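**Q** Here it is, the structure in full.
The values are calculated or read from the model by the stated rules, or taken from the named source; none is laboratory data. Predicted model only: the values in this text are computed from it and were never measured. Counting neighbours? That spans all protein chains shown, and the Cβs are built from the backbone with ideal geometry, glycine included. The area values use the complete protein model at the heavy-atom level, side chains included, leaving out ligands, DNA and RNA. Shrake-Rupley method; radii C 1.70, N 1.55, O 1.52, S 1.80 Å.
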Amino acid sequence: MTSGVVRDVGVPERTRVVSIGRPPWWVMLLALVVGSVVTADLLAGGVLERIDLRVSEIIGGWGLRDSAAYPVIWAVTQLGGRATILIVLAILVGYLAWRRHTWIPLFRVLLALGTLTVGVYALKFGTGRTAPGHPDELFFHVDGVSFPSGHVANAVIMWGVARWLAVECGLPARVQRAFWWLSVAGPVATGVSMVSLDFHWITDAVVGGAVGILLLGVVHRLDAIVLSRWVRARGRQTA
C-alpha cells in the first residue's frame, strides 16, 4: 500500500536494490515473545537478572570507561543517538522534498518519532529499572529509565525509516545499501557498545531491539492504513 504512494510521485519499482525493511509478521511475533519473556523474568528477579549481573561484573573488570578506547566506543553508541540520526534524516528528508517534491518522508519520520517516544518511555517509566552502578544498588526504582535501551530501539526504528525512504524513493543503489547496513548493523553496534561501557544491562539492549522491531512494524502499518491513504485522498482532492 505504501509503495503505491511512491509510484504516484514517479519512482519506478525497478530502482529498488534492497527491501524496504518492513518486519514480517513472524519477526514481530518473535520480538513480542522475546520482549515479554525477558521482561517477565526480570520483574520476577529470575535467571536473566543474575546473567545481567555477571556480565556487568565481567565488563566492569575491563575498565573501558577509563581507557583510551572510551571515546571510540562512545562514538559508536551515537549510532543510536537521536541527535545523530535526526541530522541524517533531516538531510535525507530535505533532499527528497527538493528533488521528489513530496512531504511523505517528513510525515513518516514524525510518525516514527511519536511512536518511538510513546512506546519506549511507557516501558521505561512502567518498569523503572535502574542502570548498572546505581548508587542504591536497586534494580528497580521510581527514577529508573534503563529498560529497555532507548538507543537500541531508536537505532532500529529510525535507521529502518531511513532505509525505507531511500529504497521507496529510488535513491542510488549505494545509498540504499548504506542505509541497509545502518538499519542492520547500527542497532547491533549500538547495543554492544552501550553494554561494553556498562551503560546498560545486556537485557536492556535485547529488549530495546525487540521493542524497536515491534514499533517499526507499527509505523509501517500506521502508514499503510492512515498516512498513505490520507496522502492519496488529498492528491485526488487537489487533482
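**Q** What number of residues within the stretch 77-97 satisfy the criterion of being surrounded by fewer than 12 Cβ atoms within 10 Å (Cβ to Cβ) and not small (Gly, Ala, Ser)? Give the derivation first.
**A** To start, the set of residues in the stretch 77-97 that are surrounded by fewer than 12 Cβ atoms within 10 Å (Cβ to Cβ) comprises 83, 87, 91.
Okay, now just the ones that are also not small (Gly, Ala, Ser), so 87, 91.
Residues flagged as surrounded by fewer than 12 Cβ atoms within 10 Å (Cβ to Cβ) and not small (Gly, Ala, Ser) within the stretch 77-97 amount to 2.
**Q** Being in a helix (DSSP H, G or I) and surrounded by fewer than 14 Cβ atoms within 10 Å (Cβ to Cβ) is the filter here, so list the residues in the stretch 37-69 that pass it. Working first, answer last.
**A** So the first thing to find is which residues in the stretch 37-69 are in a helix (DSSP H, G or I), and the list is 37-43, 47-62, 64-66.
ALA40, VAL47, ARG50, LEU53, ARG54, GLU57, ILE58, GLY60, GLY61, TRP62, ASP66 - these are the residues of the stretch 37-69 that are in a helix (DSSP H, G or I) and surrounded by fewer than 14 Cβ atoms within 10 Å (Cβ to Cβ).
**Q** Filter the stretch 1-36 for residues that are open to solvent by 80 Å² or more (accessible area, probe 1.4 Å) and at pLDDT 95 or above; which is nearest to ALA97 (Cα to Cα)? Can you show your working first?
**A** Within the stretch 1-36, the subset open to solvent by 80 Å² or more (accessible area, probe 1.4 Å) is 1, 7-8, 13-14, 22, 25-26, 29-30, 32.
Now narrow it down to the ones that are at pLDDT 95 or above: 22, 25-26, 29-30, 32.
On the way: ARG22: 22, TRP25: 31, TRP26: 34, LEU29: 35, LEU30: 36, LEU32: 35 Å.
The qualifying residue nearest to ALA97 (Cα to Cα) is ARG22.
**Q** Can you say whether ASP204 is charged (D, E, K, R) and modelled with pLDDT under 95, as far as the supplied structure shows? Step through it out loud before you land on a result.
**A** Numbers: charged (D, E, K, R): yes; modelled with pLDDT under 95: no.
No, not satisfied.
**Q** Whether any residue in the stretch 169-176 is part of a helix (DSSP H, G or I), free of Cβ contacts under 8 Å to residues at least 24 places away in the same chain and not basic (Lys, Arg) is what I want to check. Spell out the reasoning first.
**A** To start, the set of residues in the stretch 169-176 that are part of a helix (DSSP H, G or I) comprises 173-176.
Narrowing further to those that are free of Cβ contacts under 8 Å to residues at least 24 places away in the same chain: 174-175.
Right, trim to not basic (Lys, Arg) and you get 175.
Checking the stretch 169-176: at least one residue is part of a helix (DSSP H, G or I), free of Cβ contacts under 8 Å to residues at least 24 places away in the same chain and not basic (Lys, Arg).
**Q** Mind counting the residues in the stretch 56-89 that are among the basic types (Lys, Arg) and closer than 17 Å to ALA185 by Cα?
**A** Filtering the stretch 56-89 down to residues among the basic types (Lys, Arg) leaves 65, 82.
The next check asks that each one be closer than 17 Å to ALA185 by Cα; those that pass are 82.
Residues that pass the stated criteria total 1.
**Q** Right, something else. Restricting the search to the stretch 98-112, which residues are open to solvent by 100 Å² or more (accessible area, probe 1.4 Å) and within 14 Å of LEU171 (Cβ to Cβ)?
**A** Listed by number, the residues that qualify are TRP98, ARG99.
**Q** SER146 fails exactly one of the following numbered conditions: (1) outside any helix (DSSP H, G or I); (2) open to solvent by 20 Å² or more (accessible area, probe 1.4 Å); (3) within 22 Å of VAL38 (Cβ to Cβ). What is the number of that condition?
**A** The failed condition is (2).
**Q** Something else: Of all residues in the stretch 141-156 being touching a strand residue (DSSP E or B) at 6+ places or on another chain (Cβ under 7 Å) and modelled with pLDDT of 90 or more, which is farthest from PRO23 (Cα to Cα)?
**A** Step one: list which residues in the stretch 141-156 are touching a strand residue (DSSP E or B) at 6+ places or on another chain (Cβ under 7 Å), which gives 144, 146-147.
Pick out the ones that are also modelled with pLDDT of 90 or more and you get 146-147.
Working: SER146: 25, PHE147: 22 Å.
So, considering only residues that are touching a strand residue (DSSP E or B) at 6+ places or on another chain (Cβ under 7 Å) and modelled with pLDDT of 90 or more, the one farthest from PRO23 (Cα to Cα) is SER146.
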